[in-house]
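Written below as structure tokens is the structure these notes are about.
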Amino acid sequence: MDPVNRKPSLATVWLGGCSGCHMSFLDLDERLIELAPLVEVKASPLTDYKDFPEVDITLVEGAVANRDHLEHIRTIRKRSKVLVSFGDCAVTGNVTGMRNAFSVPDCINRSYRDNSAVVVGIPSGNSVVPELLERAHPVHEVVDVDYYLPGCPPDGDAIHQLLVDLLNGRAPSSDGRRFG
Amino acid sequence: MSVVTLEIDGKVCTGVSGETVFDVAWNNGVKIPRLCHIGGLPNIGACRLCLVEVEGQKKLLPACITPVQEGMVVRTWSEKLIAHRRLIVELLFAERNHVCSVCVVNRNCELQDLAVELGLDHIRLRYQFPKLVADTSHERFGLDHNRCVLCTRCVRVCDEVEGAHTWDVSRRGALSQIIADLGEPWGESDTCTSCGKCVQVCPTGALFEKGKAVSEMRKDRGFLKYIVTAREKGQWIR
Ligand code: SF4
Ligand code: SF4
Ligand code: SF4
Ligand code: FES
């Protein structure tokens, strides 16, 4: 980050999560307006990017649960100076990881056969629905992570503190941090 | 009963012979982390979170089962102790399925508190994701093995305080599991009096009251102190 010459850039990514961490991000409310001039947002779940950009800070929500996530997170890691595991699914696997005690075929059957009155199709892994990995991984099981922000979801204050610290080139403070 | 003087973290402390390093430290304001220990139940020295350094001893000693001695010099916090304690807590998180976001004691849990106290923000070990069940056969309570840390507080309170000895531990190592009687569903136990003591002493959300939603369960340990004071001093006071 070079605060003198240009604004730091930020990306937020949504992998195997419920989008709750992003909702909590929006809970920064008017503080978003204060932050907006300080950063350049290069990618978010609402941005239609083909290729993940080079960024200073990336927040990753969600576990690495399928082939697409895996490919995506590897690219993201290469192009992000600072990578933050954002919320419990990214940090521990959390709800997304609850399937890990079961086999992938058992999970697929449960969702697409047992609980469905009409069976229209089972994702094969060759279609638009990406193939599930053997287990949903916390992000740091797959790529190096620089900082962690636990919480399901992390609250607005914690997100704000982390962003302010990172934008000022500091390691995020652990004051008031919780685990789980 | 003689007075013992010792040094804990550079502070001169006094206790009484027969007391443990853990109790004397806490009485003098030095809070040593713990999990299996709970005041009022016999100590088993199982979780090793209370390990301390004692001058002149090569091995680390569990404070909750180490009696104080005259002139002892004890250290309760050091880089090495913190590293060991962190690893223990990480092992506990990785061993079973702790999904805090859907847990009855979320934000009210001794395991979470330990993680925060030790500065953990992620678990470096690979999660095991064992396939475990919850026993909800009891009318008022439940036992979710996913959240059990095998501290055996429940076993001890049921045996030593309630006198029912419903709980015990079956199997070994990572397969260890708390069982009611000889492995019956809790609701069918002949010995359980439904007193609820085990639920209140359990440090995690493993034992819980039915009907409580996420984060709603608060454990009440006051009863244990009440009973112990009554037994030891004959005073029925809160
Ligand atoms: S017992 Fe519940 S709150 Fe405590 S660590 Fe386990 S899942 Fe989280
Ligand atoms: S409710 Fe009381 S009797 Fe029943 S298992 Fe728990 S401590 Fe033992
Ligand atoms: S059920 Fe609770 S009190 Fe009993 S061993 Fe497990 S964690 Fe400890
Ligand atoms: S508290 Fe001492 S070994 Fe568990």
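The values are calculated or read from the model by the stated rules, or taken from the named source; none is laboratory data. Owing to the predicted nature of the structure, the values given are computational and were not obtained by experimental measurement. For neighbour counting, all protein chains shown are included, and Cβ atoms are generated from backbone atoms with ideal geometry for every residue, glycine included. Surface accessibility is based on the protein's heavy atoms, side chains included, excluding ligands, DNA and RNA. Shrake-Rupley method; radii C 1.70, N 1.55, O 1.52, S 1.80 Å.
What the table below lists for this structure:
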| quantity | calculated |
| --- | --- |
| Residues of segment B:201-235 that turn out to be buried (at least 20 other Cβ atoms within 10 Å of the Cβ) and either not assigned by TED's automatic domain parsing to the domain that holds B:Glu139 or not in a loop (DSSP other than H, G, I, E, B) (or both), as a count | 3 |
| Matching residues, segment A:163-180, being within 11 Å of another protein chain (Cβ to nearest Cβ) and surrounded by 17 or more Cβ atoms within 10 Å (Cβ to Cβ) | A:Pro172, A:Arg177, A:Arg178, A:Phe179, A:Gly180 |
| Test: residue in segment B:58-75 that is exposed (fewer than 14 other Cβ atoms within 10 Å of the Cβ) and either free of Cβ contacts under 8 Å to residues at least 12 places away in the same chain or more than 19 Å from B:Gly18 (Cα to Cα) (or both) | yes |
| Residue match in segment B:43-53 (condition: within 12 Å of the chain's Cα centre (by Cα) and open to solvent by 70 Å² or more (accessible area, probe 1.4 Å)) | yes |
| Complete set of residues in segment B:78-92 that are open to solvent by 10 Å² or more (accessible area, probe 1.4 Å) and either over 15 Å from the mean Cα position of the chain (by Cα) or facing chain A (nearest Cβ under 10 Å) (or both) | B:Ser78, B:Glu79, B:Lys80, B:Ile82, B:Ala83, B:His84, B:Arg86, B:Leu87, B:Leu91 |
| Of all residues in segment B:111-133 being closer than 10 Å to B:Asn97 by Cα and touching a Gly at 6+ places or on another chain (Cβ under 8 Å), the one that is nearest to the other protein chains (Cβ to nearest Cβ) | B:Phe129 |
| Conditions (1) among the aliphatic types (A, V, I, L, M); (2) within 14 Å of another protein chain (Cβ to nearest Cβ); (3) within 12 Å of ligand 3 (Cβ to nearest atom): number failed by B:Ala206 | (2) |
| Filtered residues of segment A:89-123 (kept if under 25 Å from the mean Cα position of the chain (by Cα) and more than 25 Å from B:Ala134 (Cβ to Cβ)) | A:Ala90, A:Pro123 |
| Hits in segment B:93-110 (condition: touching a residue at least 40 places away in the same chain (Cβ under 8 Å), outside any loop (DSSP other than H, G, I, E, B) and more than 8 Å from every other protein chain (Cβ to nearest Cβ)) | B:Glu95, B:Glu110 |
| Segments classed as helices (runs of 4 or more DSSP H), wholly inside segment A:47-116, with at least 1 members that are within 14 Å of chain B (Cβ to nearest Cβ) and loosely packed, with under 14 Cβ neighbours inside 10 Å | A:104-109 |
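Conditions tested, residue by residue: (1) in contact (Cβ under 8 Å) with a residue 60 or more places away in the chain; (2) within 10 Å of ligand 2 (Cβ to nearest atom).
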{"site": "B:His145", "(1), (2)": "yes, no"}
{"site": "B:Trp167", "(1), (2)": "no, yes"}
{"site": "B:Ile179", "(1), (2)": "no, no"}
{"site": "B:Met217", "(1), (2)": "yes, no"}
{"site": "B:Phe223", "(1), (2)": "no, no"}
